[in-house]
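Inspection log for the structure reproduced underneath, given as structure tokens.
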Amino acid sequence: MDAWISAQAEQMAARAVRDLEALVAISSPSGDVEGAEECVAIAGALAPAAATVERRPCSTPGHADDLVLRLTGTGTRRLLLLGHLDTVIGHGDHRPLEHDGDRVVGSGTVDMKGGDVLALGVLRALAERTADYAEVALLLVTDEEWRSAPFAHVEAFAGWDACLCFEAGQRTPDGDEAVIVRRKAAATLRVRAAGRSAHSGAAPERGRNALLALAAAAQAVAAANDPDGPDRLTAVPTILHSGDAFNVVPGDGELFCDIRSVRTAAFDEVRALVPQEVGGAALDAEFIRLWPAMDARAATAQLLTSAGEQLGRSILAAGRGGASDASHFAAAIPLTIDGLGPRGGGAHARDEYVLADSLQPRAEVALAIVDAVLSQRGAAG
């Protein structure tokens, strides 16, 4: 293994759990400005002293401004590191960091404060290599988990040499280190129902039941689910709101569905399955979130080979169904690689965790890829 990679990864791993504890101690669900600001302050404190701090308006109104930490050098390469500080778990269910064997358990550990910690470690390592780049930026956003607005930051970094995102890492079934170069497109479908309220005991026939209409819509969407098919399509109803009283026919409501596919056109095909009317209640279906697919296999193949040579073991390309901000950047920065964070599990659940013994090997993977980018080994363009 390259000496710089080995030494820096060891330093990163030595302090990673302590840094992660500081970030996870803060409950920061999407939309909570106070929690986001506390995480921003901690991230700034963990950054190298040479980094300049910039705040950019968040893509989602009402959220705390996003954070950009920048290093400037005398070289030519421009490298974007990417992460998010928001979590899914609400304040009432927040779980501070605790140890359970090799598992470091806590809300947001794997999605993605563990990745943020490694990204900050990479930034510190690069503070000593200013001759190798013109600029390195770490963008940490505060709204990734629940964003439905257009992503605001692509234009500012378009044309940079590489984007490295630190969502959770993984291994192949054979145990090789893997990174993410393919992601499915993701959409959120909202179905609104307009029916008519009526007394559910005295005159239910006068009503137009919005709840039953939405249930039919949910079943229509779920019937399209085909994760093993050619589009790897998942279509999952996730939220349904309808009705205000136990003795009233629900007159309105809304349904949300999460849809993912390798083919974006499949989303419209699923929406077309939603009936326009059920039992007299009208249904209106629209997409309120649409994240692009990502396929950087060709652009990154040689780079991963070169990074693996520096690392002394293979780094393999993999795909993942979950959405990520890396997908937004992939069209503007062809050399985009995701999944550089630590390994773990339980994302979005109370038992979320990072594997402590993955911190150093995943730091090595990230540093090897960074070194290959800055050394222009296999870099596109």
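Per-residue 3J(HN,Hα) values for the range 113-122, derived from phi via the Karplus relation 6.51 cos²θ - 1.76 cosθ + 1.60 with θ = phi - 60°, read 5, x, x, 4, 4, 5, 4, 5, x, 4 Hz in sequence order (x marks Gly and Pro).
Compute the angle between helix 33-46 and the longest alpha-carbon principal axis of the chain, please, reported from 0 to 90 degrees and rounded to the nearest 10. In the chain, helix 33-46 runs at an angle near 10 degrees to the longest axis. Only helices enter this figure: runs of n ≥ 4 DSSP H residues, each worth -39500 (n - 2.57), summed and divided by the residues of the chain, yield -9000 deg cm²/dmol at 222 nm to the nearest 500.
Each of Y133, Y353 has some number of other Cβ atoms within 10 Å of its Cβ, and from fewest to most they run Y133, Y353. Rounded to the nearest whole Hz, the Karplus-based 3J(HN,Hα) values (6.51 cos²θ - 1.76 cosθ + 1.60, θ = phi - 60°) of the range 252-265 follow the sequence 7, x, 8, 10, 10, 10, 9, 10, 9, 6, 6, 10, 4, 4, with x at glycine and proline. The range 340-380 and the range 163-182 have Cα centres separated by 7 Å. Note down the net charge around L140, summing +1 for each Lys or Arg and -1 for each Asp or Glu among other residues with Cβ under 9 Å from its Cβ. Here the count lands on -2. Which shape class, rounded, prolate or oblate, goes with the range 57-150 when its Cα gyration tensor gives a ≥ b ≥ c as root eigenvalues, a/c under 1.5 marks rounded, and past that a/b bigger than b/c marks prolate? Note, shape of the range 57-150 comes out oblate. Based on C-alpha pairs under 8 angstrom that are at least 6 apart in sequence, the range 185-291 has a relative contact order of 43 percent. For the range 288-381, relative contact order (Cα pairs under 8 Å, six or more residues apart, normalised by length) works out to 36 percent. GNM on the chain, alpha-carbon springs under 10 angstrom: the most fluctuating residue among N225, N209, N247 is N247. Under a 5 Å amide H cut-off, with hydrogens placed 1.01 Å from N, G253 pairs with A193 among residues at least 5 apart or on other chains. Amide H to amide H distances under 5 Å link S375 with no residue, where only residues 5 or more positions off or on other chains count and H is placed in the peptide plane.
Suppose a student asked you for the relative contact order of the chain, using Cα pairs under 8 Å spaced at least 6 residues apart; what percent would you report?
Answer for the chain is 23 percent.
Near A51, once Lys and Arg are set to +1 and Asp and Glu to -1 for all other residues with Cβ below 9 Å from its Cβ, the sum equals +2. Look at H94, H84 and count the other Cβ atoms within 10 Å of each Cβ; fewest to most, that gives H94, H84.
None of the figures in this text is laboratory data; all of them are computed from the coordinates on show. What you are looking at is a predicted structure, and each value in this text was computed from that prediction instead of being measured. FYI the Cβ positions are ideal-geometry reconstructions off the backbone, even for glycines, and counts take in every protein chain you see.
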